[in-house]
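Here the structure is laid out as structure tokens; the discussion comes afterwards.
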Amino acid sequence: LGANSSLTGICLTDNEIGDEGATAMMTVLKMNSTLVKLDLGYCQITISGCVGLSHGLGANSSLTGICLTDNEIGDEGATAMMTVLKMNSTLVKLDLGYCQITISGCVGLSHGLGANSSL
């Protein structure tokens, strides 16, 4: 996938990829320059997988949308996404519905959103 130059979207919704799969996607995101949509909703990703993904998102300049709906990323995952939002200028859609994020995580995300010009 990292060397693929035509794929623009990946949907792995409702698959049990977990943190290991999310971390593998980080490697793809670092190398792939054509992927614009990544859907990892309901994939049993936790904080650790979200942190791994965030490293890939920070290095990616083509992704415009990511869905992490219904994964247990919590406030720490939201904080990892905040860091990405400060660096990434291509994301226009970030779906974190049902991710067990509290007000603390929302405050963290708001700091990232304030520094992001594309979302």
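The values are calculated or read from the model by the stated rules, or taken from the named source; none is laboratory data. Only a predicted model underlies this, so the values are computations on that prediction, with no experimental measurement involved. For neighbour counting, all protein chains shown are included, and Cβ atoms are generated from backbone atoms with ideal geometry for every residue, glycine included.
Structure values in brief
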read-out	value
First in the range 37-57 and without any contact (Cβ under 8 Å) to a residue 12 or more places away in the chain, second anywhere and crowded, with 23+ Cβ neighbours inside 10 Å, Cβ under 7 Å, 6 or more apart	none
Segments classed as helices (runs of 4 or more DSSP H), wholly inside the range 32-119, with at least 1 members that are of a type in the set (D, E, K, R) and over 16 Å from T13 (Cβ atoms)	74-87
Leading residue by the ranking (farthest from A115 (Cα to Cα)) among those in the range 65-77 that are crowded, with 23+ Cβ neighbours inside 10 Å and not aliphatic (A, V, I, L, M)	N71
Exclusive hit being under 21 Å from S6 (Cβ atoms), surrounded by fewer than 20 Cβ atoms within 10 Å (Cβ to Cβ) and polar (S, T, N, Q), set S62, S48	S62
Subset tally (residues that are hydrophobic (A, V, I, L, M, F, W, C), at pLDDT below 95 and out of contact with any strand residue (DSSP E or B) (no Cβ under 9 Å at 6 or more places or on another chain)) for the range 30-56	2
Single residue of L113, L7, L119, L57 found to be on the phi < 0 side of the Ramachandran plot and crowded, with 18+ Cβ neighbours inside 10 Å	L57
For E20: the one exception among (1) assigned to a helix (DSSP H, G or I); (2) surrounded by 16 or more Cβ atoms within 10 Å (Cβ to Cβ); (3) acidic (D, E)	(2)
